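Structure first, commentary second.
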Amino acid sequence: MRLRPTLATLPSYVPGRTVPGAVKLASNETPYPPLPHVVARITEAASEINRYPDNSAAELTAVLAAKYAVGVEHVRVGCGSVSLCTQLVQALADADEQVMYAWRSFEAYPIISAVSGASSIQVPLREQVHDLDAMAEQVTGKTKLIFVCNPNNPTGTAVTRDALMRFLRAVPDDVVVALDEAYREFVTDPDVPDGMSLLPESGNLIVLRTFSKAYGLAGLRVGYAVAADPALTAALRQTQVPFAVTTVAQAAALASLEPRAERELLARVADIVRERDRVQATLLGLGYEVPASQANFVWLPLGAATTDWAAGCAERGVIVRAFAGAGARVTIGSAEENDRFLAAAAELR
Ligand code: PMP
């Protein structure tokens, strides 16, 4: 057997660790259990799993299309938005072509690009924020796809409408811009645009969302894309693993979009946002540097001290996500979990 040499060069995707008895603030999950109504629908759907799922997720696609007032041909459901990211790379970039993204950003981008055989152009963040002007300048004739993660994982920072509009105008029409809005529901700054509102103005834009974060369905793997150009959603169909979105996941997503469930879920988001602002303010008060977060996590750019600091948190029963040499990302949990983290952070200061 001879594996592709690329595999030996890949950074590994590091999932957040689960440690018995410790608080896990490492994977940007919601601390809330699923709504009883959603669990009931999951149970109901489980009685049908002797059959394959609807490969096109027609009902969920129709509900999402109505939610965003677009035709169903603009929407594609996927097995988590990370699967849609992968499908986009596969649909757009050939072996000698390029995928661009900011760095540091979502750690899956370099992996999915390399596995697909595409090369990566990583454009450094500027003061922890996407440098969209530099990204537009670095587009070459080989650049096929640009990920813009807004808010950015792991820094939590977000780009404004003006910056993003200038970027979309500067990028050539044949380069696809994928706006990864996995954390969109947590955005409170009115200057940060809702990507869906930009679709009518930008034919090469595709917006990615997920049910994993605000909607609390991380364990079921379901996300979606809305593209300005239906040719792109057709390409996402071609690159999808058959039956990738399970019957149970489709049912849970549909149940979560029902008005009462969605209201409850978004009320939980508002609680997380209040906690985020409290955690951020407390950390700043302790003297930590914390860029303004628009997501359900905060970023501490601790540089060389990161690994030791994260180990110190773990010793105090709090698992955070450390990016060695760069910083630590801490997910906002319940008020009690956040208190435990803040106590650890105070001791480690
Ligand atoms: N995009 C970003 C920026 C993320 O942080 C994540 C989850 N870590 C995803 C996409 C993927 O989410 P999922 O596959 O669960 O929908």
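The values are calculated or read from the model by the stated rules, or taken from the named source; none is laboratory data. The structure presented is a predicted model; accordingly, all values stated were derived computationally and were not measured. Every residue, glycine as well, gets a Cβ built from its backbone with ideal geometry; the counts of neighbours run over all protein chains shown. These accessible areas exclude ligands, DNA and RNA; they are computed on the full protein's heavy atoms, side chains included. Shrake-Rupley method; radii C 1.70, N 1.55, O 1.52, S 1.80 Å.
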Leaving out ligands, DNA and RNA, what percent of the accessible area of segment 274-315 is carbon and sulfur, probe 1.4 Å? 56
Going through the DSSP H helices of the chain, which span 30 Å or more along their own axis at the Cα atoms while scoring at least -0.5 as a mean Kyte-Doolittle hydropathy? 259-285
Over the chain, with the other protein chains present, what is the accessible area per residue in square angstrom, probe 1.4 angstrom? 43
Which one of 43, 64, 252 has its Cα pushed farthest toward the positive end of the charge dipole of segment 36-258, where Lys and Arg give +1 and Asp and Glu give -1 at the Cβ? 43
Charge dipole of the chain about the Cα centre (unit charges at C-beta), most positive-ward option of 123, 95, 205: 95
Tally up the carbon and sulfur contribution to the accessible surface of segment 36-258 as a whole percent, 1.4 Å probe, everything protein left in place. 51
So which GluC sites (Glu not before Pro) in segment 109-216 pass both tests, a DSSP loop state and at most 10 other Cβ atoms within 10 Å of the Cβ? 127
Mind listing which trypsin sites (Lys or Arg not before Pro) in segment 151-260 are in a DSSP loop and have 10 or fewer other Cβ atoms within 10 Å? none
When the helices in the chain are scored as -39500 (n - 2.57) per DSSP H run of 4 or longer and the sum is shared across all residues, what 222 nm value do you end up with, to the nearest 500 deg cm²/dmol? -11500 deg cm²/dmol
Using DSSP to call loops (not H, G, I, E or B), can you name the trypsin sites (Lys or Arg not before Pro) in segment 5-90 whose Cβ has at most 16 other Cβ atoms within 10 angstrom? 17, 51
Roughly how many debye, to the nearest 20, is the charge dipole of the chain about its Cα centre, given +1 on each Lys and Arg Cβ, -1 on each Asp and Glu Cβ, and no other charges? 660
Label-point separation, residue 266 to residue 68 (7 Å along Cα→Cβ), nm: 1.6
Extension gain, residue 94 back to residue 6 (0.36 nm per residue minus Cα-Cα distance, nm): 30.2 nm
Measuring from centroid to centroid over Cα atoms, what is the spacing of segment 216-247 and segment 185-215 in Å? 16
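Give the percent of DSSP beta bridges with both residues in the chain that are antiparallel, rounded to the nearest 5.
In the chain, DSSP labels about 45 percent of beta bridges as antiparallel.
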Those lysines that a straight Cα-Cα span of less than 28 Å connects to residue 67, excepting residues fewer than 8 apart in one chain: 213
If the cut-off is a Cα-Cα distance under 17 Å, which aspartates and glutamates reach residue 24, setting aside same-chain residues fewer than 8 apart in sequence? 275, 315, 336, 337, 339
